[in-house]
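**Q** Below is the structure I would like to discuss, written out as structure tokens.
The values are calculated or read from the model by the stated rules, or taken from the named source; none is laboratory data. Since we're looking at a predicted model, the values are computed, not measured. Glycine gets a Cβ as well: all are built from the backbone with ideal geometry, and neighbour counts include every protein chain shown.
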Amino acid sequence: MRLLRFGPPGEEKPGLLDAQGQIRDLSGVIPDLHPQTLGPDTLERIRQLNADELPAVAPDVRLGACVGQMGKFVCVGLNYHKHAQEAGMAAPAEPILFLKANSAVQGPHDDVILPRGSVKSDWEVELGVVLGTRASYVSEAEALSHVAGYCVVNDLSEREYQLERGGTWDKGKGCDTFGPIGPWLVTPDEVPDPQNLRLWLDVDGVRQQDGNTSGMIFGVAFLISYISRFMTLHPGDVIATGTPEGVGMGHKPQPIYLRDGQTMRLGIDGLGEQRQRVRTGE
């Protein structure tokens, strides 16, 4: 299934995308796509519905983040071999973890607003993993059974704030609008192998990132197991699993960064596409 949330910011309703690409309204079935409705029983109940009997939604409706009331936004740094190389850093011996502010979360096509004074804002297409059941000290073998679905994440990063303002990555990762999620939450039955997904990102029509999740240093199952040793993962928590090479910071001989008026387009095979206009803050 491809599940989504639609409507004005703060007023999103749950929906699904049917086999013909029509958005259908699920608000008569569940109140929202949030921690209380991401468990296997609810997802199975939705799966048994006849989508043709659900109300159709206008195709031009705004899409919100595909998860509401997110608990934690856990991110993994330097998790692709080639990205570590372009950053001039050694591949980590263990996953690098940081938390992205929930206030950064927004819809997949909402404008990205550069922070005041920013000159080094950067893009990062990533595979997002949405938890459906509680995970604490889970084994790698059972880790994927806790997944409600997968989605596209743009883990935007202000590199000056991240790397030059005291050594705390969170400063450059949690800016408002720096966490577009969606367009859909795609259930695991449609993603048989999360380690074989192509992901890409364009800026103004120029391909910047073109990778595959097979290039991860630490795979999805390992990451869930590993993170669950340090913090309990709850339904609705999202893990952003790292980005492949091609970020602006890695350009040689000079890095390139986002500017007012540019457009990003990014996607992952089977998980949909995002499109964001970049503009400066007020």
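**Q** Please specify each residue of region 228-245 satisfying the condition of being out of contact with any Ser or Thr (no Cβ under 8 Å at 6 or more places or on another chain) and buried (at least 23 other Cβ atoms within 10 Å of the Cβ).
**A** ASP237, VAL238, ILE239, ALA240, GLY242, THR243, PRO244 - these are the residues of region 228-245 that are out of contact with any Ser or Thr (no Cβ under 8 Å at 6 or more places or on another chain) and buried (at least 23 other Cβ atoms within 10 Å of the Cβ).
**Q** From GLY172, GLY215, GLY167, GLY205, grab the single residue that is over 17 Å from the mean Cα position of the chain (by Cα), modelled with pLDDT under 95 and over 26 Å from THR42 (Cα atoms).
**A** Answer to the check: GLY167.
**Q** For region 230-239, how many residues are under 17 Å from TRP169 (Cβ atoms) and either free of Cβ contacts under 8 Å to residues at least 60 places away in the same chain or assigned to a loop (DSSP other than H, G, I, E, B) (or both)?
**A** 2
**Q** Being out of contact with any Leu (no Cβ under 9 Å at 6 or more places or on another chain) and in a loop (DSSP other than H, G, I, E, B) is the filter; apply it to region 76-89 and report the residue that is surrounded by the most Cβ atoms within 10 Å (Cβ to Cβ). First the steps, then the outcome.
**A** From region 76-89, those out of contact with any Leu (no Cβ under 9 Å at 6 or more places or on another chain) are 78, 80-83, 85-86, 88; that's our starting set.
Okay, now just the ones that are also in a loop (DSSP other than H, G, I, E, B), so 78, 88.
Working: LEU78: 18, GLY88: 8.
Step by step, filter region 76-89, then rank; the result is LEU78.
**Q** Assuming ARG229 fulfils every condition listed in (1) within 17 Å of the chain's Cα centre (by Cα); (2) farther than 21 Å from ALA84 by Cα; (3) charged (D, E, K, R) apart from one, which condition is it?
**A** (1)
**Q** Continuing with this model, one more query. Do we have GLU86 as out of contact with any strand residue (DSSP E or B) (no Cβ under 7 Å at 6 or more places or on another chain) and closer than 22 Å to ILE268 by Cα here?
**A** On the way: out of contact with any strand residue (DSSP E or B) (no Cβ under 7 Å at 6 or more places or on another chain): yes; closer than 22 Å to ILE268 by Cα: yes.
So GLU86 fits the description; yes.
**Q** Quick one: PHE73 ticks every box in (1) more than 16 Å from ILE181 (Cα to Cα); (2) surrounded by 18 or more Cβ atoms within 10 Å (Cβ to Cβ); (3) not charged (D, E, K, R) bar one, so which box is it?
**A** So PHE73 meets the others, but not (1).
**Q** May I pose another question? If the requirement is being small (Gly, Ala, Ser), farther than 26 Å from ILE46 by Cβ, more than 15 Å from the chain's Cα centre (by Cα) and part of a loop (DSSP other than H, G, I, E, B), which of these qualifies: GLY261, GLY242?
**A** Going through GLY261, GLY242 in turn, just one is small (Gly, Ala, Ser), farther than 26 Å from ILE46 by Cβ, more than 15 Å from the chain's Cα centre (by Cα) and part of a loop (DSSP other than H, G, I, E, B): GLY261.
**Q** If I ask for residues that are assigned to a loop (DSSP other than H, G, I, E, B), within 19 Å of ASP111 (Cβ to Cβ) and among the polar types (S, T, N, Q), which ones from region 150-178 would you list?
**A** THR177
**Q** Can you confirm whether PRO31 is within 28 Å of THR243 (Cα to Cα) and either modelled with pLDDT of 95 or more or under 18 Å from the mean Cα position of the chain (by Cα) (or both)?
**A** Numbers: within 28 Å of THR243 (Cα to Cα): no; either modelled with pLDDT of 95 or more or under 18 Å from the mean Cα position of the chain (by Cα) (or both): yes.
So PRO31 fails the test.
**Q** Being part of a loop (DSSP other than H, G, I, E, B) and touching a Leu at 6+ places or on another chain (Cβ under 7 Å) is the filter; apply it to region 48-66 and report the residue that is nearest to GLN20 (Cα to Cα).
**A** Among residues in region 48-66 that are part of a loop (DSSP other than H, G, I, E, B) and touching a Leu at 6+ places or on another chain (Cβ under 7 Å), the one nearest to GLN20 (Cα to Cα) is LEU54.
**Q** If you don't mind, there's one more thing I want to ask. Residues SER136, SER157: which one is touching a strand residue (DSSP E or B) at 6+ places or on another chain (Cβ under 9 Å), touching a residue at least 12 places away in the same chain (Cβ under 8 Å) and crowded, with 24+ Cβ neighbours inside 10 Å?
**A** SER157
**Q** Can I ask one more? In region 92-133, which residues are farther than 30 Å from PRO14 by Cα and not aliphatic (A, V, I, L, M)?
**A** PRO92, GLU94, PRO95, PRO115, ARG116, GLY117, SER118, LYS120, SER121, ASP122
**Q** Name the residues in region 267-282 that are closer than 21 Å to SER103 by Cβ and part of a strand (DSSP E or B), would you?
**A** Result: GLN274, GLN276, ARG277, VAL278, ARG279, THR280.
**Q** Within region 1-47, which strands (runs of 3 or more DSSP E) (wholly inside it) include 2 or more residues that are in contact (Cβ under 8 Å) with a residue 60 or more places away in the chain and surrounded by 16 or more Cβ atoms within 10 Å (Cβ to Cβ)?
**A** 2-6
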